[in-house]
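Note sheet for the following structure.
Please treat every number below as a calculation from the coordinates, not as lab data. Only a predicted model underlies this, so the values are computations on that prediction, with no experimental measurement involved. We place every Cβ from the backbone using ideal geometry, glycine too, and count neighbours over all the protein chains shown.
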Amino acid sequence: MNIGKLIPTVFAALVLAVTPFLSLDAQAQSSSGAYDIDRNISGTTKPYPVNISGLSGEALKILQFDLEVGGCDIVSKDNADYLVTASNKENIIGKLTDKTSSIRFFNRSYKNGTTRTQVHALAADIIKALTGADSIFGMKIAYCINTATDKNEIYIADFDGSNPHKLTNDGSMIRGLTWGPDNESLFFCSYRAGNPDIYRQDLRTGKRTRIAGYLGLNTSPAISPDGKKIAMILSKGGSPDLYVANIDGTNLKQLTHTKGDESSPCWSPDGTKICFSSRQSGASRLYVIPAAGGQMKQLKTSGVGSATEPDWSPDGKSIAFTTTTRSSFQICVVPSQGGVVEVLAEGASPNWASNSRTLIFSKKSGKKSSLVMLDVPTKKSKIIGSVTGSATQPCWTR
């Protein structure tokens with residue numbers, strides 16, 4: 001279940017244009033639930049206007065959903081710039097052309113797997129041809145479902161919330177959820193033993209190992225891109241500080257020595273730096289420090305008063321984070337070197353998909369929190385309606 005992080009280029013779309021009639025093996029996907037589209041956020045980049053013909057029923061619904069997640073608007077033929085012509089008699093056959101049908105990007109037959117599998121494969125080819133980005137349709141998400149006040153459990157599901165699987169039965173508070181190396185484990189903080197400790201749970205065997213169980217706070221695990229190191233927040237020395245250790249918790253090294261309550265570390269894609277939140281200056285701000293140790297430097301986030309829960313995009317260009325207003329939490333993004341902040345949507349706990357284009361986060365409405373996917377360039381967002389219950393702390397496979 002290792003998810004690659006190759007960032008395709010525009011050249012890939014040109015290659016597709018001259019290689020028609022190729023077949024593509026599809027990866028297994030399963031049924032999804034109902035979805036609500038939120039069009040109240042005005043985009044800064046125009047979505048790709050696409051018309052679909054030849055499909056009906058569940059196949060059409062799946063393709064429409066996938067394309068909207070990828071940054072497309074489904075429109076009438078008269079208003080479309082791109083035409084998808086497909087059929088699903090014995091298997092899915094799909095063709096993507098421009099609106100005049102003079103430019104054919106591809107014409108492919110999808111023969112492996114179920115109809116759902118084949119539709120996801122078609123959608124992936126369309127998204128790559130239009131945006132140059134790999135799709136997220138083969139990824140999985142982990143998240144927490146609140147079961148009571150200060151109690152939640154971990155679930156794993158397909159990218160769209162289908163096929164949910166309950167992983168834990170701790171009956172306590174769980175925080176700081178993240179995927180381990182090769183997506184074969186999950187790391188998180190649980191209060192199951194009475195103290196906030198960091199655990200690693202093997203998804204193949206179900207075995208759970210305590211990584212950090214020092215007196216006081218042990219939380220916010222973050223795994224390095226090479227899977228060999230773990231950053232975490234420990235209060236063993238007094239106030240919560242940033243530490244780095246081997247993936248099994250050995251060879252512990254303290255990186256910060258402040259009284260500012262550090263939190264939520266994340267790694268740069270090259271593994272040389274760590275971004276985190278600190279209250280060293282009073283309000284929560286973002287800081288960057290060398291992963292090997294050194295001086296922490298504040299990251300400029302012009303336009304917002306606070307900054308927490310940073311997440312570094314896999315392409316290294318941006319850092320998403322949460323800011324707090326008087327009435328709500330907001331998802332923001334800033335260049336990784338710092339600068340002017342762009343507010344994207346209401347919500348908290350943002351996490352980048354491997355395409356560096358799609359964010360998943362939680363959004364609270366009343367007493368319930370829902371999971372939302374956001375296509376950052378177009379600002380189109382979708383509530384994952386198939387995730388039932390109050391869901392928080394979502395994260396993509398690596």
Taking N as the number of residues in the range 70-133, the ratio of its alpha carbon radius of gyration to 2.2 N^0.38 Å works out to 1.10
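With r defined as the distance between the Cβ atoms of residue 239 and residue 281 and R0 fixed at 22 Å, what FRET efficiency is calculated, to the nearest 0.05? Mind showing how you got there, number by number?
Working: r = 14 Å, r/R0 = 0.65.
For R0 = 22 Å, the calculated efficiency reads 0.95.
Can you give the calculated 222 nm mean residue ellipticity of the chain, where each DSSP H run of n ≥ 4 adds -39,500 (n - 2.57) and the sum is split over every residue, rounded to the nearest 500 deg cm²/dmol? Working shown, then result.
Numbers: 3 runs with 38 residues, N = 398.
Here the helix-only value at 222 nm equals -3000 deg cm²/dmol.
Based on the Kirkwood radius over alpha-carbon pairs, what value in µm²/s does the Stokes-Einstein equation return for the translational diffusion coefficient of the chain at 25 °C and 0.890 mPa s? Before the final figure, lay out the partial values.
Details: Rh = 21.9 Å.
Translational D for this selection: 112 µm²/s.
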173, 373 arranged by Cβ crowding within 10 Å, fewest neighbours leading
173, 373
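When 214, 199 are ordered from fewest to most other Cβ atoms inside 10 Å of their Cβ, what list results?
On the way: 214 17, 199 23.
Neighbour counts put them in this order, fewest first: 214, 199.
What ranking do 276, 65 get, fewest neighbouring Cβ atoms within 10 angstrom at the top?
Ranking 276, 65 by Cβ neighbours within 10 Å, fewest first, gives 65, 276.
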What whole number of Å gives the distance from the Cα centroid of the range 361-398 to the Cα centroid of the range 257-317?
24
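How far, in nm, would the chain grow between residue 107 and residue 151 when pulled straight, counting 0.36 nm per residue and subtracting the alpha carbon separation? Walk me through the intermediate numbers first.
On the way: separation 44, 0.36 × 44 = 15.84 nm, distance 4.99 nm.
Residue separation times 0.36 nm, minus the Cα-Cα distance, leaves 10.8 nm.
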